[in-house]
Amino acid sequence: IQNEVVNIHLSKKPEWFLEKINPLGKVPAIQKDDKIVYESAVCCDYLDQVYPGNKLIPDDPYQQARDRILVEHFGQVTTQYYKMLFGPSENCAAAAETLKKGLMEFDKEIQKRGDFFGGSEPRMIDFMVWPWFERFHATEKLVNQIFISDGSMPNLTAYMDRMLSVPAVQKCRLSTENHLEFYQSVKNGAPNYNVGL
């Protein structure tokens with residue numbers, strides 16, 4: 001999909017964004033001509049319908065619902081991720097352990113679903129959760145906590161390897177070094193949202 005990326009400072013959102021794009025101030029947002037949509041899941045649904053050439057959301061309503069439920073459960077993982085990364089350092093190890101327990105459930109789930117959360121090929125659910133997996137190795141280095149690289153989740157490790165071979169991931173992913181550079185800029189108080197672009 002042809003597009004132009006416009007990054008904004010997430011803690012100092014510009015007025016034009018709040019007034020014209022998303023009054024809630026959340027990202028992502030998509031503007032196509034005079035049409036604007038926002039919120040991650042809504043943007044994904046919209047793009048899947050407007051550009052149906054490579055449909056990523058299953059046709060089966062039950063499978064759609066199950067995938068959305070799994071994404072909602074992944075929200076618990078991301079909550080621990082942020083606690084580990086940006087919370088008080090004395091709570092980091094506990095957050096990492098809770099995050100790991102949450103990921104263990106996804107290790108079991110991927111074993112049931114196949115090579116990807118979407119089954120035999122990556123689907124929207126995979127692209128919804130992938131950015132977090134992409135960040136995990138950098139995060140382990142940054143906080144000096146091992147929660148995915150210790151071999152305790154072989155199904156997720158294999159999943160991550162398979163996702164790295166997906167052309168869309170190869171085209172869009174950021175390296176571990178890019179993630180480390182971004183997190184360092186956040187910790188320095190001047191987030192660089194253009195790292196890796």
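The values are calculated or read from the model by the stated rules, or taken from the named source; none is laboratory data. Because the structure is predicted, anything quoted here is derived from the model rather than measured. Using ideal geometry, Cβ is built from the backbone for each residue, glycine included, and neighbour counts are taken over all protein chains shown. What goes into the accessible areas is simple: the full protein's heavy atoms, side chains included, and nothing from ligands, DNA or RNA. Shrake-Rupley method; radii C 1.70, N 1.55, O 1.52, S 1.80 Å.
Annotations for the structure displayed:
- Residue within region 8-26 that is touching a strand residue (DSSP E or B) at 6+ places or on another chain (Cβ under 8 Å) and aliphatic (A, V, I, L, M) present: yes
- S40 closer than 30 Å to T157 by Cβ, more than 19 Å from the chain's Cα centre (by Cα) and surrounded by fewer than 16 Cβ atoms within 10 Å (Cβ to Cβ): no
- Remark: K108 falls outside the filter, which requires a residue to be surrounded by fewer than 19 Cβ atoms within 10 Å (Cβ to Cβ) and without any contact (Cβ under 8 Å) to a residue 40 or more places away in the chain.
- Across region 14-28, the qualifying residues are those that are in a loop (DSSP other than H, G, I, E, B) and touching a residue at least 12 places away in the same chain (Cβ under 8 Å), and the one among them that is farthest from Q2 (Cα to Cα) is L24.
- R135 being touching a strand residue (DSSP E or B) at 6+ places or on another chain (Cβ under 8 Å) and either open to solvent by 20 Å² or more (accessible area, probe 1.4 Å) or in contact (Cβ under 8 Å) with a residue 24 or more places away in the chain (or both): no
- Members of region 1-23 that are surrounded by fewer than 10 Cβ atoms within 10 Å (Cβ to Cβ) and over 29 Å from P167 (Cβ atoms): S11, K12, E15, W16, E19
- Residues in region 143-194 that are acidic (D, E) and more than 30 Å from E121 (Cβ to Cβ): E181 alone.
- Close pairs (8 angstrom Cβ cut-off, 6 or more residues apart or separate chains): on the phi > 0 side of the Ramachandran plot in region 150-172, in a helix (DSSP H, G or I) anywhere: G151/T157
- Condition met for Q31 (free of Cβ contacts under 8 Å to residues at least 24 places away in the same chain, under 26 Å from D126 (Cβ atoms), part of a strand (DSSP E or B) and open to solvent by 70 Å² or more (accessible area, probe 1.4 Å)): yes
- Test result for H73, in a helix (DSSP H, G or I), closer than 24 Å to N188 by Cβ and within 15 Å of the chain's Cα centre (by Cα): no
- Residue match in region 49-63 (condition: assigned to a helix (DSSP H, G or I), out of contact with any Leu (no Cβ under 6 Å at 6 or more places or on another chain) and open to solvent by less than 20 Å² (accessible area, probe 1.4 Å)): no
- Residue within region 140-155 that is closer than 23 Å to S40 by Cα and at pLDDT below 95 present: no
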